[in-house]
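Have a look at the structure below, then the notes.
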Amino acid sequence: MFSPLLAYKDEAFYADHATVYFDTLYHTGTYTVFAVLNMRNGDWEPSTADFVSEQAYMDFIHRAKTQALYDTGVEVQPSDYILTLITCDRSFVGKDGRLVVMAVKQP
């Protein structure tokens, strides 16, 4: 379902599509992609939603940015909300490969 996200592996695609619009029946949101990364399923849980402290949240953000395929230059603050989209990426370690696109909500 999310296979079009694989285009974000290309930094040139990101440059033209840095903004993500996420709409539901009840809310509309605009997000800016801050990290695109490959991972093996089970190595890390990028869909974590609850953190025990601001520092734990920022450590999570730092890990995502450190493992990113390229530097977007987008900053994330402790008070920010993020959107995490995950899809299979069999070109990365076969059936356990995942591509993660993470974006920060704009005010």
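Residues of the stretch 1-56 that are closer than 18 Å to VAL100 by Cβ, touching a residue at least 12 places away in the same chain (Cβ under 8 Å) and among the acidic types (Asp, Glu): GLU11 alone.
Being open to solvent by 90 Å² or more (accessible area, probe 1.4 Å) and either within 14 Å of VAL74 (Cα to Cα) or in a loop (DSSP other than H, G, I, E, B) (or both) is the filter here; which residues of the stretch 12-30 pass it? The answer is LEU25, TYR26, HIS27.
Scanning the stretch 31-41 for residues that are open to solvent by less than 70 Å² (accessible area, probe 1.4 Å) and farther than 13 Å from ALA64 by Cβ yields TYR31, THR32.
For (1) more than 23 Å from ALA7 (Cβ to Cβ); (2) under 13 Å from the mean Cα position of the chain (by Cα); (3) open to solvent by 40 Å² or more (accessible area, probe 1.4 Å), each residue gets a yes or a no:
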{"position": "THR48", "(1), (2), (3)": "yes, yes, yes"}
{"position": "SER53", "(1), (2), (3)": "yes, no, yes"}
{"position": "TYR81", "(1), (2), (3)": "yes, yes, yes"}
{"position": "CYS88", "(1), (2), (3)": "no, no, yes"}
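The values are calculated or read from the model by the stated rules, or taken from the named source; none is laboratory data. Quantities reported herein were computed from a predicted structural model and do not represent experimental measurements. Here Cβ is always computed from backbone atoms with ideal geometry, including for glycine, and neighbour counts include all displayed protein chains. The protein model used for the area step is the full one, side chains on, heavy atoms only, and it has no ligands, DNA or RNA in it. Shrake-Rupley method; radii C 1.70, N 1.55, O 1.52, S 1.80 Å.
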